[in-house]
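The values are calculated or read from the model by the stated rules, or taken from the named source; none is laboratory data. What you see is a predicted model, and the numbers here were worked out from it, not measured in a lab. Cβ coordinates were reconstructed from backbone atoms using ideal geometry, including for glycine residues, and neighbour counts include every protein chain displayed.
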């Protein structure tokens, strides 16, 4: 019986605490100010590439062009003589070459 009275007293005290809650006076623009602070877009510049200045870009471009010209001239010089040899070697390695000999075991 004492447990029931104790539980009832706790319920009554909880309900009486709810009656003590009063309205809070807030300025009319509080919500607007809070929403602006929460959702304000902060523009932060990403400074990952700031070391890649125009002078460095130009130097990189010159290096790439020189490297491409060098590679093209080397490819052009070696292309004429060794192209057919490379193709024949590739074909022999992978068994793609056609031989003039006929064999019954192949």
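Quick check, is residue 88 at pLDDT below 85 and exposed (fewer than 10 other Cβ atoms within 10 Å of the Cβ)? So residue 88 fails the test.
Can you confirm whether residue 68 is part of a helix (DSSP H, G or I) and modelled with pLDDT under 85? Let's see the steps before the verdict.
Details: part of a helix (DSSP H, G or I): yes; modelled with pLDDT under 85: no.
No: the conditions fail for residue 68.
Can you tell which of 41, 22 is modelled with pLDDT under 90, loosely packed, with under 10 Cβ neighbours inside 10 Å and within 28 Å of the chain's Cα centre (by Cα)?
Details: 22 fails: within 28 Å of the chain's Cα centre (by Cα).
So the residue among 41, 22 that is modelled with pLDDT under 90, loosely packed, with under 10 Cβ neighbours inside 10 Å and within 28 Å of the chain's Cα centre (by Cα) is 41.
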